[in-house]
Amino acid sequence: MFTVRQCHELDMSGKHTLIDKSPREATAAREIALRYGNQPDALLEILHDLQHELGCIPEAALPALAKALNRSRAEIHGVVTFYHDFRHEAAGRHVIRLCRAEACQSMKANELIAMVERFLQVRLGQTTADGAITIQEVFCLGNCALAPAVMVDDRVVGRVDAARMEKIIAECRS
Ligand code: FES
């Protein structure tokens, strides 16, 4: 997990100024933005690359990114929070995405999600205490014919019931 190391310090005039003390996050944001020519249109690609590099989109990276793309921090923050794929904290060793779009809902996806939350003692978007598993919601994995479907890291699994899910969880923890 990354620590946000920003703090307010007094400048020469005695005003409180936000000082960025998170060089790794800020540097990564600047470097990746530069790779895309600091083009605001490439924001989604930049965010995906940033998450790939840091494991999440830390708050500390947003000011540097906003500056590089000549956008407000609020605009960048809005995009990050709009897309469920972007995380504010690093994920667990495995990510289980549970589909809750229509076809899966009709095959009891919500009951499956409730079972997983109870079993792992976490809610959607959270990571188990042992750091093994993060669970997330997703809307359609293109596997509707085999609903309910989940995605375990890069693998899509269909017709998932409670027993199958317990097996998946055990595999993730082994
Ligand atoms: S609705 Fe779940 S895979 Fe399409």
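No value in this document is a laboratory result; all are computed from the given coordinates. These numbers come from a predicted model, not from an experiment. Please note: Cβ atoms are built from the backbone with ideal geometry, for glycine as well, and neighbour counts cover all protein chains shown.
The share of Cα pairs per 5 Å bin across segment 126-174, counted from zero up to the longest distance, runs 5, 19, 30, 26, 15, 5, 1 percent.
Say R0 is 22 Å: what FRET efficiency, to the nearest 0.05, do Ser72 and Gln39 get from their beta-carbon distance? Mind showing how you got there, number by number?
On the way: r = 16 Å, r/R0 = 0.74.
After rounding, the FRET efficiency stands at 0.85.
Among beta bridges from DSSP that stay inside segment 94-173, the antiparallel ones total about 55%. Summed over all non-identical Cα pairs, the Kirkwood treatment of segment 39-174 gives a radius of 15.9 Å.
Determine, from the Cβ-Cβ distance of Ala145 and Thr81 and an R0 of 45 Å, the FRET efficiency 1/(1 + (r/R0)^6), rounded to the nearest 0.05. Numbers along the way, then the final one.
Details: r = 32 Å, r/R0 = 0.72.
Rounded to the nearest 0.05, the efficiency is 0.90.
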